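Visitor: Dropping a structure here in C-alpha cells format, bear with me for questions.
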Amino acid sequence: MKYKSNLGKNILNPEYMRRAIEEARKNLKRMDGGPFGACVVKDGKIIALARNTVLKNDATCHAEINAIRIASRKNKTFDLSGSIIYSTTEPCPMCFSAIHWARIGTIVYGTGIADAGKIGFNEMKISNVRLKVLAKIKIKIVPGLLLGECNQLFSDWNKLPGKKLY
C-alpha cells in the first residue's frame, strides 16, 4: 500500500524507518533510554535522526522530541512543514503534540503505543488517531511500517539485564 503526501511524493519509505531503527538500537548498548528511534525527512532527505535519551535525566527526551529539536536547529525554525517523521513506535501524546506544533504533516510508525505498554513502559493508552480526532487536525498517520523489525527492538531490549522502565 502506498501513501502520498500532499506534494504527491511517496511517503512510505522503509529506508527511513530502518535509519530510525538503527538509531534506536544504540540504546541496546548505551542504555540512555528505551528502544525508540525517530527520523525526520523533508524533500527526500533526512534532516534529523535521534533516539530516546530519557535516562539521561530528562523525561521529555523522547526520540521524536529529540529529532524535532535537531531538525529545528538545523533549519533555524520551529516550522517543519512538509516534513515526515518516521518513529519506531507510535508517538506518545507529548510527542504527538510536538509533531503538531512543529507542523510536521505525516507520522509513519512501526509498533503501537499498546506494544510499548505490554513490555512495561508507562504509556498513556490513547492512540494518535484518537488524538487527531480530538484535536481536529489533518495530520496523516501511517501505522505498521516494518512492524516486525520494530517489534524486534522491543524483544531485544526486553532481554537486556539492567534495563530501566519509565
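Visitor: On a straight-distance basis, which aspartates and glutamates could pair with K56 in a cross-link, Cα separation under 12 angstrom, same-chain partners fewer than 8 positions away excluded?
Guide: Counting by Cα, and skipping residues close in sequence, K56 has these aspartates and glutamates nearby: D32.
Visitor: Might you report the magnitude of the Cβ-based charge dipole of segment 44-166 about its Cα centre, with Lys and Arg at +1 and Asp and Glu at -1, to the nearest 20 debye?
Guide: 320
Visitor: Place the peptides 60-71, 146-157, 103-114 in order of packing, highest mean first, counting for every residue the other Cβ atoms within 10 Å and averaging per peptide.
Guide: 60-71, 103-114, 146-157
Visitor: Going toward the positive end of the dipole of the chain, with +1 on Lys and Arg Cβ and -1 on Asp and Glu Cβ, which of I85, F154, P35 do you reach last?
Guide: With unit charges placed on the Cβ atoms, the residue in question is I85.
Visitor: Under the 0.36 nm per residue contour assumption, what length would be gained going from the current alpha-carbon distance of R103 and N158 to full extension?
Guide: Contour length minus the Cα-Cα distance gives 16.5 nm.
Visitor: Measure nothing fancy, just the Cα-based angle from helix 63-75's long axis to the longest principal axis of the chain, in degrees from 0 to 90, nearest 10.
Guide: The angle comes out at about 40 degrees.
Visitor: Probe radius 1.4 Å, ligands and nucleic acids ignored: give me the carbon and sulfur share of the accessible area of segment 56-166 as a rounded percent.
Guide: Percent of accessible area from carbon and sulfur atoms in segment 56-166: 57.
Visitor: Okay, next question. What list of ³J(HN,Hα) values in whole Hz, one per residue of segment 101-113 in order, does the Karplus curve 6.51 cos²θ - 1.76 cosθ + 1.60 (θ = phi - 60°) give from phi, with Gly and Pro shown as x?
Guide: Calculated HN-Hα couplings, in order: 5, 7, 6, 6, x, 9, 10, 10, 9, x, 6, x, 4 Hz.
Visitor: Right, next: Considering amide H positions built from the backbone, and no H for Pro or chain starts, which residues 5 or more places from V108, or on another chain, come under 5 Å of its amide H?
Guide: I85, Y86, S87, V142
Visitor: I've got another one for you. With the contact rule set at Cα under 8 Å and sequence spacing of 6 or more, what percent relative contact order holds for segment 62-107?
Guide: 50
Visitor: To continue, here is another question. Please compute the contact order of the chain in relative form: average sequence separation of alpha-carbon pairs under 8 Å and at least six residues apart, divided by the residue count, as a percent.
Guide: Averaging sequence separation for qualifying contacts and normalising by length gives 20 percent for the chain.
Visitor: Let me ask another. For segment 1-135, report the accessible area per residue in Å² (1.4 Å probe, heavy atoms, rounded to an integer).
Guide: 49
Visitor: Can you give me the angle between helix 147-158 and the longest principal axis of the chain, using Cα atoms only, in degrees from 0 to 90, rounded to the nearest 10?
Guide: 30
Visitor: Okay, next question. Could you work out how far apart the two model spin labels at E149 and K56 are, taking each label as a point 7 Å from the Cα in the direction of the beta carbon, and quote it in nm?
Guide: Going by the 7 Å Cα→Cβ label model, 2.5 nm.
Visitor: Just for the chain, what percent of DSSP beta bridges are antiparallel, to the closest 5?
Guide: If I count the DSSP bridges inside the chain, around 60 percent turn out antiparallel.
Visitor: Give the distance, in whole Å, between the Cα centre of segment 20-75 and the Cα centre of segment 76-114.
Guide: Going from one Cα centre to the other spans 12 Å.
The values are calculated or read from the model by the stated rules, or taken from the named source; none is laboratory data. Just so you know, these numbers come straight off a predicted model, no measurement behind them. With ideal geometry, Cβ positions are generated from the backbone for all residues, glycine too; neighbour counts draw on all protein chains shown. Quick note on the areas: whole protein, heavy atoms, side chains included, nothing else; ligands and nucleic acids left out. Shrake-Rupley method; radii C 1.70, N 1.55, O 1.52, S 1.80 Å.
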